[in-house]
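For reference, the structure discussed in these notes is given below.
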Amino acid sequence: MSNKTYSIPIGPVHPSLKEPMTFHFEIYGERIEKVHLAPGDNHRGIEFMGRQRNPIQIIYLAERICGICSASHPFAFCQAVENAMGIEVPEKAQYIRAIIAELERIHSHILWAGVAAHELGFDSVLFLSWRAREEVLDLLEYLTGNRINYGIFMIGGVRRDITSEQITRIKKTLDYYKEIYGKLEDIFLNDPTIALRTKKVGILSKEEAIQLSAVGPTARASGLNKDVRQDQPYAAYADLEVQAITPEVYSGKVNGDVYDRIVVRLLEIVQSIQIIEQCLANLPEGEIVAEEKLVKLLNLIKKAQGEGIGRHEAPRGEVIHYVKLNQSELPEVWKARAPTYNNLMPWIPMLIGQQIADIPIVLASIDPCIACMDRVTILDRKSGQKNILTKDDLHKLSVEKTRRMAQ
Amino acid sequence: MKLNKYFERSLWVFHLNTGSCNGCDIEIVAGLTPRYDLERFGIKLVGSPKHADVLLVTGPVTSKMADRVKRVYAQTPDPKAVIVVGTCGISGGVFYNSYNLSGSIDKVIPVDVYVPGCPPRPEAIINGVLQAWIKLEKLRKTLKDNSPAK
Ligand code: SF4
């Protein structure tokens, strides 16, 4: 390290990932030269706890791996157990699962759009998009009983049916989103200031995305055509022919910058609306769960032996759960891999060469939600002088840059 | 709306995540945004504990975070109130048998208000903040009455 670089630790309070984490940036002037990541502050030992609970109890633990993806983890986990036990999930349950998962994607992407706007200094847009997000939360509450941590998944199906009168209500919410989508798109994609702050910022090339196995919108924004719903369709997606969305669809080319990540996420909101509509149109009749009686289900689990894998395209990318059952109530192994785990390393090529003021938006661009970046200490190695930068200061830097560029 | 005597001045809140699942954290932000609109009471999230009157703490306190929680608490100026949002901060919740927890939160720092729920609804969080506010104003008053300047 040359003696002209500064070292900036950030964190560890940087939640909303599974792990809040510590960053160390090495800065030359305003330019980021090196990035070190040190996750682990939020380690709760979920897999360890899972090995002391039966799979039905684990569903609720899996929901609480992440409150934002609280449909994705149980979705993948239930698939893994069903895979291990050879349970056939009724068709209607497959469709309900897909509907809930897509509703979650809508809420998560709008949440992200608000956070991204906040990082750029557009708090009015944060409020606007979070107001819009409340509608889908209302709908989720109406369908599942909860705004967050829905508790609707069960091994072998789902716990609540979608009735025909509920369908009317779902359609109403979808219409609301179709109506406001134009507004959201206009704000995010046509606003010159957002374009200035996000175009050619935080670039991840296609090669880097492949090498670092990025997933989800982060990978798709770099032009990687990958989406579990397209590549290995599961649940209702097998009937729906989902296409992975890359930024070409919108602009004809792929830059892999923050702007492209906004494009992909916004288009995915539309895609989710379409998927739900298709699901509703083709919603089959019948059972919603393979084995209704929990005691009986638990007995089946106790007898089961085998390994299973469940994959799901969560809003942030592919989530994989692996389960090994060995004729016991407790699973022998449970392993969960969340998408942000893959998307951490791509941060490094994205951040190198950027300015300090770009850190918040680049970090936010993979969608980990930087809610509480605790503080930053700038240590001038030569003079030993210490400046404390709080998350606020960092945010202020970012906002100031927006203002400068807007002039 | 007529404000009662407790609404002497705006309340600034610092939100601290000690290893939560985010469920509570996004409900806190939802409480600030237009549907629930905490800001109409003058309640604002701030970026540093040094500016805060109230700590909103979520999560079950992982071992690595325990020390940071104490430090954030020490940095918050008196009089202060601590609100725990979410069951996992109150009792460990679903994480009760983890090997990596120093929590619940009240084992690490003193707590004034508990808001149970996994996650609690934004209305409950708002109610929790208002309870803390009332407590805080009482504290302020006692401090004022007992100050030597008087
Ligand atoms: S109380 Fe529940 S929802 Fe809230 S952070 Fe803890 S586990 Fe998540």
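The values are calculated or read from the model by the stated rules, or taken from the named source; none is laboratory data. The model shown is predicted, which means the values in this text are computed figures rather than measured ones. No Cβ is skipped: glycine too gets one built from the backbone with ideal geometry, and neighbour counts run over all protein chains shown. These accessible areas exclude ligands, DNA and RNA; they are computed on the full protein's heavy atoms, side chains included. Shrake-Rupley method; radii C 1.70, N 1.55, O 1.52, S 1.80 Å.
Secondary structure note: in region B:12-146, about 5% of the DSSP beta bridges are antiparallel. For the pair B and A, the buried accessible area comes to roughly 3500 Å² in total, with a 1.4 Å probe and the value rounded to the nearest 100.
Kirkwood-type hydrodynamic radius, region A:46-338: 19.7 Å, calculated from all non-identical alpha-carbon pairs.
Shape of region A:96-183 from the C-alpha gyration tensor: prolate (a/c of 1.5 or more and a/b above b/c, with a ≥ b ≥ c the square roots of its eigenvalues). A:ASP239 sits with roughly 90 Å² accessible to a 1.4 Å probe, with DNA, RNA and ligands left out of the calculation. When DSSP beta bridges are restricted to pairs lying wholly in chain A, around 100% turn out antiparallel. Among the listed pairs A:LYS178/A:LYS206; A:LYS178/A:LYS253; A:LYS200/B:LYS50, a Cα-Cα separation exceeding 28 Å is found for A:LYS178/A:LYS206; A:LYS200/B:LYS50. For region B:63-121, would you read off the P(r) tail past 14 Å as a percentage of all alpha carbon pairs? Here the long-distance tail beyond 14 Å is 57 percent of all Cα pairs in region B:63-121. In the elastic network of chain B, a GNM with C-alpha springs shorter than 10 Å, the most mobile of B:THR76, B:THR62, B:THR33 is B:THR33. Going from the chain on its own to the full set of protein chains, region B:79-111 has these residues losing 40 Å² or more of accessible surface (heavy atoms, 1.4 Å probe, no ligands, DNA or RNA): B:VAL94, B:PHE95, B:ASN97, B:TYR99.
Per residue of the protein assembly as shown, the DSSP helices (runs of n ≥ 4 H) give a summed -39500 (n - 2.57) that works out to -14500 deg cm²/dmol at 222 nm.
Look at the dipole of chain A built from charges on Cβ: of A:TYR259, A:VAL136, A:ILE96, the Cα furthest out on the positive end belongs to A:TYR259. Counting only alpha carbon atoms, the long axis of helix A:258-281 and the longest principal axis of chain A meet at about 20°. Computed from the C-beta positions of B:GLN131 and A:LYS200 and an R0 of 51 Å, the FRET efficiency is 0.55 to the nearest 0.05. Which residues, if any, in region A:133-147 lose at least 30 square angstrom of accessible heavy-atom surface (probe 1.4 Å) when the other protein chains sit next to their chain rather than the chain being alone? The answer is A:GLU134, A:ARG147 - residues whose exposure falls by at least 30 Å² when every protein chain is included. Each pair of Cα atoms in region B:12-146 enters the Kirkwood radius, and Stokes-Einstein at 25 °C and 0.890 mPa s then converts it into a translational diffusion coefficient of 166 µm²/s. Residues of region B:31-45 that bury at least 50 Å² of accessible area when the other protein chains are present, relative to the chain alone (probe 1.4 Å, heavy atoms, ligands and nucleic acids excluded): B:THR33, B:PRO34, B:ARG35. Which semi-axis lengths, in whole Å and largest first, follow from the square roots of five times the eigenvalues of the Cα gyration tensor of region A:153-240? Over the Cα atoms of region A:153-240, the semi-axes work out to 33, 24, 10 Å. For chain A, the longest principal axis of the C-alpha atoms and the axis of helix A:72-85 are separated by about 40°.
Taken per residue, the accessible surface of the protein assembly as shown reaches 39 Å², heavy atoms only and a 1.4 Å probe.
Over the protein assembly as shown, the alpha carbon radius of gyration divided by the compact-protein estimate 2.2 N^0.38 Å works out to 0.97.
For the residues A:TYR341, A:TYR322, A:TYR237, a 1.4 Å probe over the protein chains yields an accessible-area ranking, largest first, of A:TYR341, A:TYR322, A:TYR237. Between the alpha-carbon centres of region B:71-150 and region A:329-347 there is a gap of 32 Å. If the chain linking A:GLU287 and A:ILE309 were pulled fully straight, counting 0.36 nm for each residue of separation and taking away their Cα-Cα distance, it would gain 5.5 nm. Only Cα pairs under 8 Å and 6+ residues apart enter the sum, and on that basis the relative contact order of region A:46-338 stands at 31 percent. What is the list of residues in region A:44-58 whose amide nitrogen lies under 15 Å from a point 7 angstrom out from the Cα of B:ASN97, following Cα to Cβ? Counting backbone N atoms under 15 Å from the label point, the list is A:45-58. Only protein atoms count toward the accessible area here, which uses a 1.4 Å probe; on chain A, the carbon and sulfur part of that area reaches 49 percent. FRET efficiency for the B:SER63 to A:VAL333 pair, using the beta carbon distance and R₀ = 25 Å, is estimated at 0.55. Classify region A:159-207: rounded, prolate or oblate, from the alpha-carbon gyration tensor (a ≥ b ≥ c, eigenvalue square roots; a/c under 1.5 rounded; otherwise prolate if a/b is larger than b/c)? Since a/c reaches 1.5 but b/c is at least a/b, the shape of region A:159-207 is classed as oblate.
A:SER365 sits with roughly 0 Å² accessible to a 1.4 Å probe, with DNA, RNA and ligands left out of the calculation.
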